Amino acid sequence: MDLDLSPDEQAFRDEVRAFLADHLPQHLRDGAEATPTVFAEPDIGREWQRILHRKGWLGYHWPVEHGGTGWTPTQRYIFEKECALASAPGLPVLGLKLLAPVLYTFGTPEQKAHYLPRILSAEDYWCQGFSEPGAGSDLASLKTVAVREGDRYIVNGSKIWTTHAHFADHMFCLARTDAGVKPQQGISFLLIDMRQPGVSVRPIIGLAGDHEVNEVFLDNVEAPARDLVGAEGQGWTIAKFLLENERGGSCLAPALIADLGRLRAEAGRQPAGYNGALIHDRSFAGALARIELAAQALEVTELRILSDIAQGREPGPQTSLVKMVASTLRQEVDGLSMRLHGYAGLQLATARPLYGNESPEPIGGKAAQVAAPAYLNSRAWTIFGGSNEIQRTIIAKTVLGL
Ligand SMILES: Cc1cc2nc3c(=O)[nH]c(=O)nc-3n(C[C@H](O)[C@H](O)[C@H](O)COP(=O)(O)OP(=O)(O)OC[C@H]3O[C@@H](n4cnc5c(N)ncnc54)[C@H](O)[C@@H]3O)c2cc1C
């Protein structure tokens, strides 16, 4: 594998850098750096999305005929890496990277024509209604029921851990449409409008005081039959396709590498409480170097998966490897950040709000302010999208053939 950029790719990287320098506003960089949660708040994520949409640089994982950019896998990677290095906010991935591939792969022409442009333009904000109390790792035991009545489904049940449901106007949802068959065969994939009577959202507050996830209750909620994606009973197949994209379709290494670069630079300065820069502490420097090497290895694996996808191969179970390694590294990076910012970070853990209005120079700097909440929040990485234990089982069965 040739890891050097070709002259064309270098020119593309320079174009992206120049665009970011000119069009990524400072308040969005500040907002992204002050974000301790996995997803950026929609006010900053969507503002950045609109800027990219105007430039025609969204949907870069999508096929050109549906509004994609036509970039090569390497170009996509360069773009994500430059965005991470420039502290660009995360984009709303639930619509752009999870639902969109489902729609252009399994959707009807009407669904594609209606929803895809609205995902690109940030008009619709989506949440993912898969998990339920008692159905997380074991999704096949989900109990939400959708009953067909004429040209609509009536949906009843509840969802949990629904990220950003309190912002979302739409939910893609798994519901049981047939109780008389094998559990996996009776599940369907429905699109639900969250702005209707019968939908209620209750917050779940995270360890660091953040409101990122929710419980969602569906009480006689209606979904038009035209918003069933794929065939009735095909939900399990579609969910597996979506989860593979969730676990490995995104590039996770660029953000890790960017954060590690910032940590290395900060550790080279004299932090309060040390008799010398932390980078000279052998155990810290050793841990940092080990994590940097692992992040670089992850980067190569992600590039290989992107190249597979470009050649028409589905990402497959190797995405479980990516999810597992990236989640563990994310927690290790946030652990190092806590070690660096230590006491200042902990003291500031409750000094909210983190977005926008805080004093321009918080004590210990923005990185210290965000260190503890990010450390606490990133415990979730090894759980959401399928826990690491579940990924190990998938790898054992499908990759190692055990
Ligand atoms: C921050 C966050 C955001 C999330 N966002 C969303 C979202 O937007 N939409 C959505 O639908 N879901 C979301 N989830 C839910 C997430 O997908 C589930 O939490 C996850 O799949 C685990 O399910 P569970 O919580 O029911 O735990 P359980 O399945 O009950 O698992 C509990 C523990 O048992 C272990 N375990 C379970 N089964 C096995 C097994 N067979 N072998 C070995 N170990 C096992 C698990 O690894 C875990 O450690 C989110 C979760 C978090 C934490």
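Rounded to the nearest 10 square angstrom, M194 shows an accessible area of 20 square angstrom against a 1.4 Å probe. Just need log10 I(q)/I(0) for the stretch 4-46 at q = 0.30 Å⁻¹, Debye formula, equal scatterers on the alpha-carbon atoms, no solvent, rounded to two decimals. These q points yield log10 I(q)/I(0) values of -0.97.
Annotation: extensible slack from L293 through Q331 equals 12.1 nm (criterion: 0.36 nm per residue apart, minus Cα-Cα distance). Spin-label pair T105-K55: with each label point 7 Å from Cα along the Cα-Cβ axis, the two points sit 2.8 nm from one another.
For the stretch 17-34, 3J(HN,Hα) computed residue by residue from phi via the Karplus equation (6.51, -1.76, 1.60; θ = phi - 60°) reads 4, 5, 4, 5, 4, 8, 10, 8, x, 4, 5, 6, 4, 4, x, 5, 5, 8 Hz, glycine and proline entered as x.
Let me check I have the definition right: for the chain, take the eigenvalues of the Cα gyration tensor, multiply each by 5, take square roots. What are those semi-axes in whole Å, largest first?
On the way: eigenvalues 253, 115, 93 Å².
In descending order the semi-axes read 36, 24, 22 Å.
Here the relative contact order of the stretch 1-103, from alpha carbon pairs under 8 Å that lie six or more residues apart, stands at 37 percent. Quick check: from the Cα gyration tensor, does the stretch 1-90 come out rounded (a/c under 1.5), prolate or oblate? Judged from the Cα gyration tensor, the stretch 1-90 comes out prolate (a/c at least 1.5, a/b above b/c).
The simple Förster model, with R0 at 35 Å and r as the Cβ-Cβ distance, assigns I205 and K397 a FRET efficiency of 0.45. In this simple spin-label approximation, D138 and Q196 carry label points 7 Å from Cα along the Cα→Cβ vector, and these lie 3.1 nm apart.
What ranking do 251-260, 22-31, 68-77 get when scored by the average of other Cβ atoms within 10 Å per residue, highest first? Intermediate results must be reported in sequence, preceding the final value.
Details: 251-260: 22.7, 22-31: 15.3, 68-77: 17.3.
In descending order of packing, they fall as 251-260, 68-77, 22-31.
Between I154 and K366, how high is the FRET efficiency from 1/(1 + (r/R0)^6) when r is the Cβ-Cβ distance and R₀ = 60 Å? Nearest 0.05. Please list the in-between numbers first.
Details: r = 48 Å, r/R0 = 0.80.
My answer for the efficiency is 0.80.
Tell me whether the stretch 45-96 comes out rounded, prolate or oblate; compute the Cα gyration tensor, take square roots of the eigenvalues as a ≥ b ≥ c, and use a/c under 1.5 as the rounded threshold. Intermediate results must be reported in sequence, preceding the final value.
On the way: a/c = 1.78, a/b = 1.17, b/c = 1.52.
Note, shape of the stretch 45-96 comes out oblate.
In the stretch 79-160, the C-alpha radius of gyration followed by the widest Cα-Cα span (Dmax) gives 16.4, 52 angstrom. When the Cα gyration tensor is reduced to axis lengths a ≥ b ≥ c, the ratio a/c is 1.5 or higher for the stretch 199-332, and with a/b not above b/c it is classed as oblate. In the chain, the longest principal axis of the Cα atoms and the axis of helix 73-85 are about 50 degrees apart. The distance linking the stretch 186-246 with the stretch 18-37 is 30 Å (Cα centroid to Cα centroid, whole angstrom). Extension gain, V181 to R226: 0.36 nm times the residue separation minus the Cα-Cα distance gives 13.9 nm. Entry note, the chain: relative contact order of 16 percent, from Cα contacts under 8 Å with a spacing of 6+ residues. Between E232, E65, E389, the Gaussian network model of the chain with springs among Cα atoms under 10 angstrom shows the greatest mean-square fluctuation at E65.
Using a probe radius of 1.4 angstrom, the carbon and sulfur fraction of the accessible surface of the chain is 54%. Per-residue surface analysis assigns C83 an accessible area of about 20 Å², computed on protein heavy atoms at 1.4 Å probe radius.
Using R0 = 60 Å, the C-beta based FRET efficiency linking T237 and A265 works out to 0.85.
Spin-label model, H27/S121: points 7 Å from Cα along the beta carbon direction are separated by 2.4 nm.
Working from Cα pairs under 8 Å separated by at least six residues, relative contact order for the stretch 54-139 is 24 percent.
Our coupling estimate for the stretch 301-312, obtained by passing each phi through the Karplus curve with A = 6.51, B = -1.76, C = 1.60 and θ = phi - 60°, is 4, 5, 4, 5, 5, 4, 5, 4, 4, 4, 8, x Hz, Gly and Pro reported as x. Once the chain from D308 to D43 is taken as fully extended at 0.36 nm per residue, the excess over their C-alpha distance is 92.0 nm.
The values are calculated or read from the model by the stated rules, or taken from the named source; none is laboratory data. As the structure is a prediction and not an experimental result, all values here were calculated from the model. Ideal geometry is used to build each Cβ from the backbone, glycine not excepted, and the neighbour counts take in all protein chains shown. For the accessible areas, the whole protein counts, side chains as well, though only heavy atoms, and no ligand, DNA or RNA atoms are used. Shrake-Rupley method; radii C 1.70, N 1.55, O 1.52, S 1.80 Å.
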